[in-house]
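**Q** Dumping the structure here so I can ask a few things about it.
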Amino acid sequence: MKIGVYPGTFDPVTNGHLDIIKRASQLFDKLYVLVSNNINKTTLFTIDERLHLLKETLKELTNVEVVTSNLLTVEYAKSINANVMIRGLRMVSDFEYELQMATLNKCLNDQIETIFIMSSHEYSFLSSSSVKEIAKFNGDVSQFVPQIVEKALYDKYH
């Protein structure tokens, strides 16, 4: 069985994330979307809120499971017998950080590979941070996030 892990903060999940998840789900028998807490980020949504938004958004994908863990991502992958981690790349500027993370993870466990999936061109500019900024100032984010996320953003800011 081919098992993959797609880790991220998903604060909030965007259509760009969903594009990567849907495409990755076609490559694996089972794909775990790992909602993590990044100690370098202050999140708008709690871990439970992010889990809920992702689970609702992805409920039609039967081979995708949304989870969270307090383990290092590479350790979580090992615990579920995954041998691949998926990372999305939007622009060249993402590559340096992602390469560093992939190399660190490879040092921690050389049995787990990292696969980069390029963002579809229509999402190459999209980030959770920009979506939050637009929503905070009453901008229309409907083209960037699922409807449930749009409502959750509106509820947070208004």
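**Q** Among (1) of a type in the set (Gly, Ala, Ser); (2) closer than 22 Å to Phe125 by Cβ; (3) in contact with an Asp or Glu (Cβ under 9 Å, 6 or more places away or on another chain), which single condition is Gly8 missing?
**A** Evaluating Gly8 over (1) of a type in the set (Gly, Ala, Ser); (2) closer than 22 Å to Phe125 by Cβ; (3) in contact with an Asp or Glu (Cβ under 9 Å, 6 or more places away or on another chain) leaves (3) as the failure.
**Q** A follow-up question, please. Would you list the strands (runs of 3 or more DSSP E) that sit entirely within the range 23-90 and hold 1 or more residues that are of a type in the set (Lys, Arg) and under 19 Å from Pro12 (Cβ atoms)?
**A** By residue number, 84-89.
**Q** Taking the options Val149, Val145, name whichever one is surrounded by 12 or more Cβ atoms within 10 Å (Cβ to Cβ), of a type in the set (Val, Ile, Thr) and in a loop (DSSP other than H, G, I, E, B). Steps first, please.
**A** On the way: Val149 fails: in a loop (DSSP other than H, G, I, E, B).
Step by step, each of Val149, Val145 is checked, and only Val145 is surrounded by 12 or more Cβ atoms within 10 Å (Cβ to Cβ), of a type in the set (Val, Ile, Thr) and in a loop (DSSP other than H, G, I, E, B).
**Q** Of the conditions (1) assigned to a loop (DSSP other than H, G, I, E, B); (2) free of Cβ contacts under 8 Å to residues at least 12 places away in the same chain, Ser129 fails just one. Which one is it?
**A** For Ser129, the failing item is (1).
**Q** Confirm whether Leu54 is aliphatic (A, V, I, L, M) and at pLDDT below 95.
**A** Details: aliphatic (A, V, I, L, M): yes; at pLDDT below 95: no.
Spelling it out, it is not the case that Leu54 is aliphatic (A, V, I, L, M) and at pLDDT below 95.
**Q** Would it be correct to say that Lys136 is among the charged types (D, E, K, R) and either surrounded by 13 or more Cβ atoms within 10 Å (Cβ to Cβ) or closer than 14 Å to Gly16 by Cα (or both)?
**A** Yes; evaluated as a whole, the condition is true for this residue.
**Q** Let me ask you something else. Got a sec? Which of Glu98, Glu56 is touching a helix residue (DSSP H, G or I) at 6+ places or on another chain (Cβ under 9 Å), of a type in the set (Asp, Glu), surrounded by fewer than 18 Cβ atoms within 10 Å (Cβ to Cβ) and in contact (Cβ under 8 Å) with a residue 12 or more places away in the chain? Let's see the steps before the verdict.
**A** Values: Glu98 fails: touching a helix residue (DSSP H, G or I) at 6+ places or on another chain (Cβ under 9 Å).
Criteria check complete, one pass: Glu56.
**Q** Of the conditions (1) touching a Phe, Trp or Tyr at 6+ places or on another chain (Cβ under 9 Å); (2) assigned to a strand (DSSP E or B), Ile115 satisfies every one except a single condition; which number is it?
**A** (1)
**Q** Would you check if there is a residue in the range 92-104 being part of a helix (DSSP H, G or I), at pLDDT 95 or above and touching a strand residue (DSSP E or B) at 6+ places or on another chain (Cβ under 9 Å)?
**A** No: the range 92-104 contains no residue that is part of a helix (DSSP H, G or I), at pLDDT 95 or above and touching a strand residue (DSSP E or B) at 6+ places or on another chain (Cβ under 9 Å).
**Q** Looking for whichever is touching a Phe, Trp or Tyr at 6+ places or on another chain (Cβ under 8 Å), surrounded by fewer than 21 Cβ atoms within 10 Å (Cβ to Cβ) and either farther than 24 Å from Glu122 by Cβ or at pLDDT 95 or above (or both) here; the options are Ser69, Ser79. Which one fits?
**A** Ser69
**Q** To continue, here is another question. For the range 33-42, state whether one or more residues are β-branched (Val, Ile, Thr) and crowded, with 21+ Cβ neighbours inside 10 Å.
**A** yes
The values are calculated or read from the model by the stated rules, or taken from the named source; none is laboratory data. Predicted, not measured: the structure shown is a model, and the values here were computed from it. Note that each Cβ is placed from the backbone with ideal geometry, even for glycine, and that neighbours are counted across all protein chains shown.
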